[in-house]
Amino acid sequence: MAYSAPRGTVDILPEKSGKWIKLEQLLRTISANYNVKEMRTPIFEHAELFNRAVGDTTDVVSKEMYTFADKKGRMLSLRPEGTAGIARAYVENKMYGLPEKLQKVYYMGPMFRYERPQNGRQRQFHQYGVEMLGVESPYVDVECMLMAVTVVEALGIKNVTLHINSLGDDQSRDAYRQALKDHFAPVLDQLCSDCKARFDKNPLRILDCKVDAKNPAMQSAPKTIDYLSDHAKAHFDKVCSLLDDLEIDYVVDTNLVRGLDYYSHTVFEIISDDPKLGAGATVGGGGRYNGLVEELGGPATPGVGFAFGMERLLLALDDDQDDDEDGLDVYIMPLGSEAKDLAVQIIAMLRANGFTCDMDQCDRGLKGQFKSADRYHAHFSMIIGDEEVQKEVVNMKCNHSHTQDEVPLENIVAYIENHMSGGHEHE
Ligand code: HAM
């Protein structure tokens, strides 16, 4: 029987992992730049955490979560997103008591949602996310948005727009909830059964409904922005004016409500119209969640954050950025068994000196070995035949300058260092 990977999952093969490593390195560099530290939380959590944090009327929790009982009957879920786990760990580890009031953390790793797979949408996918906990200030919202914009700019992703909106505070949300109920009540019998349930439990989620998306009542639904309290409005106005001052382009998108329940105040998405992602694809999104930590049993603590889908970032990257693969320093080409014994000694010595190298293990002739040196973009091909073994030398061919030298064994390291730091490599 042939096995295949489960639907919606993909293998990242060696030829692609270099791109992932580069992306991860860049994201780590940007994180360091913003003084954001890495935090790692479990890949599975108690299912109840997500019901509570993300909300049991959201699609993510009610339709897309991988939930199972462990051997003791505990209900666990593969994490569909990272914010809930970070907030849980923040409370559990009493991070609110740390001397630095503003805690800024990032994470990278797999997330799981049972969705219909398509380009840029998988059941196991990866997110890079950032959470900033402890300070309720529009300056922190803007730091998050600026960081998200920095990511897309650093990757050279074009055709993206920052969409922002405000959901307001509790007071605004109560007023908005009532307005939505007043709006949908007369047409409730036209809506699907899910929406009827949402009407009572969480009317905001009616706006995410895919079944009723075309219903005219959806288009004419009230907008959160019209129900903001004075405090919420002042917060949002300040966010907008800071973005203006920083000359960050954005559009106020009054339809943006996000699909997770924990948000309050600012919400945002970075949307690409790159055809590779399909129309209107969201590469990243986030917002403020001032009630979440308290909801999970911690002290009232504001928070704001965002997450990017890493597959989507890679899809949006230009294809021609694929090919700048780092080459090996040395590819060793032994011809015959004595040469191979010597090659084993040399390769161990070179690796101990920090060079990236490999050697032929298939006892091929020169032609085949040169092909490998080429495929690995080796800076040097080191040829060792019987004659070289006798003379205790190796033959170093520089694949950049096309020069060739006979180098005594004891001089190999000095020779490589000299040539790699010299002017040869870009000739
Ligand atoms: P989200 O909008 O649900 O937010 O997901 C963030 C990003 O993850 C999306 O914009 C998308 O790029 C990517 N993504 C989501 N689902 C999939 C999928 N099935 N396949 C591939 N990529 C996907 C959150 O998860 C929030 N936790 C973000 C956040 C952090 N808010 C505050 N802090």
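Across the chain, Cα pairs under 8 Å and at least six residues apart give a relative contact order of 15 percent. Between 0 and 90 degrees, rounded to the nearest ten: what's the tilt of helix 412-421 against the longest Cα principal axis of the chain? Helix 412-421 sits roughly 50 degrees off the main axis of the chain. Residue pairs exceeding 23 angstrom between C-alpha atoms, taken from Lys158/Lys214; Lys16/Lys276; Lys37/Lys238; Lys196/Lys223: Lys158/Lys214; Lys37/Lys238. Projecting the Cα atoms of Ala348, Pro216, Val140 onto the charge dipole of the chain (Cβ charges, centred on the Cα centre) puts Pro216 farthest toward the positive pole. Of all lysines in the structure, the ones whose alpha carbon falls short of 27 Å from that of Lys397, not counting any fewer than 8 places away in one chain, are Lys340, Lys367, Lys371.
When the solvent-accessible area of segment 192-271 is split by element, carbon and sulfur atoms take up 51 percent of it, the probe being 1.4 Å. Note on segment 192-270: Rg/Rh from Cα positions, Kirkwood definition for Rh, rounded to two decimals, is 1.02. Axis of helix 138-154 versus longest Cα principal axis of the chain: the two differ by about 40°, to the nearest ten degrees. Between Ala316, Thr301, Ser372, the Cα set farthest toward the positive side of the dipole of segment 288-427 (charges on each charged residue's Cβ, about the Cα centre) is that of Thr301.
The values are calculated or read from the model by the stated rules, or taken from the named source; none is laboratory data. Since we're looking at a predicted model, the values are computed, not measured. Quick reminder, even Gly has a Cβ in these numbers, built from the backbone with ideal geometry, and neighbours come from all protein chains shown. In case anyone asks, the SASA skips ligands and DNA or RNA and just uses the protein heavy atoms, side chains included. Shrake-Rupley method; radii C 1.70, N 1.55, O 1.52, S 1.80 Å.
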